[in-house]
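The values are calculated or read from the model by the stated rules, or taken from the named source; none is laboratory data. These figures come from a predicted structure and were not determined experimentally. We place every Cβ from the backbone using ideal geometry, glycine too, and count neighbours over all the protein chains shown. Ligands, DNA and RNA are stripped out before the accessible areas are found, and what is left, the full protein with its side chains, is counted by its heavy atoms. Shrake-Rupley method; radii C 1.70, N 1.55, O 1.52, S 1.80 Å.
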Amino acid sequence: MLTHFVFDLFHFDGKFFRTMKYLLLKPGFLAREHLSGRRMDYLHPIRLYIFTSAFFFLFYFMVAPSKLDMNVDMGKNRADTANQQSGDTTLKNLRKDSTQNAFFKAEKQFSTLREYDSTQLQLPEEKRDGFIIQKFQRQNLILKEKYPSRKDLMNKVFDVFAHQFPKMLFVSLPLFAFILFLLYARKNQYYFADHVVFTLHFYSTVFILIFLAIFLNMLLHWTGLFVIYKEKDENYLDGAIGSGYLIIIIGYYWYRSLRNFYGQSRLKTIFKFVLQLLINLFVFSILFLLFFLFSFMII
């Protein structure tokens with residue numbers, strides 16, 4: 001199946017490479033070509049998104065687990081050293097419990113799930129926790145018993161969240177397109193599907209740019225041309241192509257895509273770019289929170 005998928009991507013006289021060239025070097029061009037009906041020479045936007053997102057997250061999950069394990073091991077070593085130096089295990093346990101109870105204030109009164117359920121049953125129905133609070137309280141206590149260490153719990157939550165991140169981006173895609181639909185609501189000129197096509201191309205480019213930045217930083221680090229020195233671990237977004245440069249590159253590509261596809265003046269495009277950026281920061285913050293809580297609940 002994988003062989004057929006790869007063959008399907010690379011056949012038709014280099015359709016894949018032609019798509020990559022215009023996608024990276026001419027922002028907004030492919031979306032404009034799709035809108036004009038010239039689609040046969042390029043990969044379909046949905047196929048392009050599936051390929052780039054699958055490739056990117058496969059690459060990410062090949063790199064990220066070793067980083068996560070290394071951070072956990074180093075965290076444990078630092079904790080052991082601190083315990084040997086202080087010798088105050090009682091104070092350490094109190095601090096740990098205080099940190100673990102930071103999710104819900106009410107959980108300070110309970111140490112086990114059985115104790116919480118028993119207390120709830122003894123309360124009058126009107127004084128019991130609501131459905132949502134009970135769900136979070138019970139899950140919090142279950143995880144407290146399952147993961148006594150705060151560090152192990154947070155590592156598990158972030159690990160689950162990382163695997164939910166592709167779903168979050170997929171959910172954000174129509175929201176991103178809908179914001180464009182509102183900003184460029186020209187009568188009889190753009191349909192919602194046109195904004196979706198633009199979004200698919202933009203998301204695909206972001207995946208490729210981040211992959212290229214990480215891969216080049218890894219390559220430069222391994223060859224010794226630009227060694228990344230970190231106390232904890234190598235962060236491949238802090239290499240020769242740092243995260244700051246990457247944000248600037250993606251931001252400029254985003255602006256140029258809007259300008260080339262929608263064809264408005266520089267001033268209008270900058271205004272709508274900033275407005276869309278602010279709206280998307282708000283939307284992504286909500287999605288991030290929702291998926292983080294969802295990850296916490298499904299562990």
Tally, over segment 188-207, of residues that are open to solvent by 20 Å² or more (accessible area, probe 1.4 Å), of a type outside the set (Phe, Trp, Tyr) and either in contact (Cβ under 8 Å) with a residue 24 or more places away in the chain or assigned to a helix (DSSP H, G or I) (or both): 4
Tabulated pairs, segment 128-139, first without any contact (Cβ under 8 Å) to a residue 60 or more places away in the chain and charged (D, E, K, R), second open to solvent by 40 Å² or more (accessible area, probe 1.4 Å) and outside any helix (DSSP H, G or I), C-beta under 9 angstrom, 6+ apart or interchain: Asp129/Leu123
Residues satisfying the stated conditions in segment 130-151, i.e. open to solvent by less than 60 Å² (accessible area, probe 1.4 Å) and among the hydrophobic types (A, V, I, L, M, F, W, C): Phe136, Leu141, Leu143
Near pairs, Cβ below 8 angstrom, 6+ apart or cross-chain, from segment 266-280 (under 16 Å from Phe181 (Cβ atoms)) to any residue that is of a type outside the set (A, V, I, L, M, F, W, C) and modelled with pLDDT of 95 or more: Phe273/Tyr255
Members of segment 31-56 found to be open to solvent by less than 60 Å² (accessible area, probe 1.4 Å) and more than 17 Å from Tyr191 (Cβ to Cβ), listed by number: Tyr42, Leu43, Leu48, Tyr49, Phe51, Thr52, Ser53, Ala54, Phe56
Hits in segment 242-259 - residues which are modelled with pLDDT of 95 or more and of a type outside the set (A, V, I, L, M): Gly251, Tyr252, Tyr253, Trp254, Tyr255, Arg256, Ser257, Arg259
All positions within segment 10-56 that are of a type in the set (A, V, I, L, M) and in a helix (DSSP H, G or I): Met20, Leu23, Leu24, Leu25, Leu30, Ala31, Leu35, Ile46, Leu48, Ile50, Ala54
Close pairs (7 angstrom Cβ cut-off, 6 or more residues apart or separate chains): more than 15 Å from Phe202 (Cβ to Cβ) in segment 15-44, at pLDDT below 90 and assigned to a loop (DSSP other than H, G, I, E, B) anywhere: Lys15/Asp41; Arg18/Asp41
Qualifying residue in segment 153-163 (condition: within 30 Å of Val196 (Cβ to Cβ), assigned to a helix (DSSP H, G or I), modelled with pLDDT of 85 or more and of a type in the set (Val, Ile, Thr)): yes
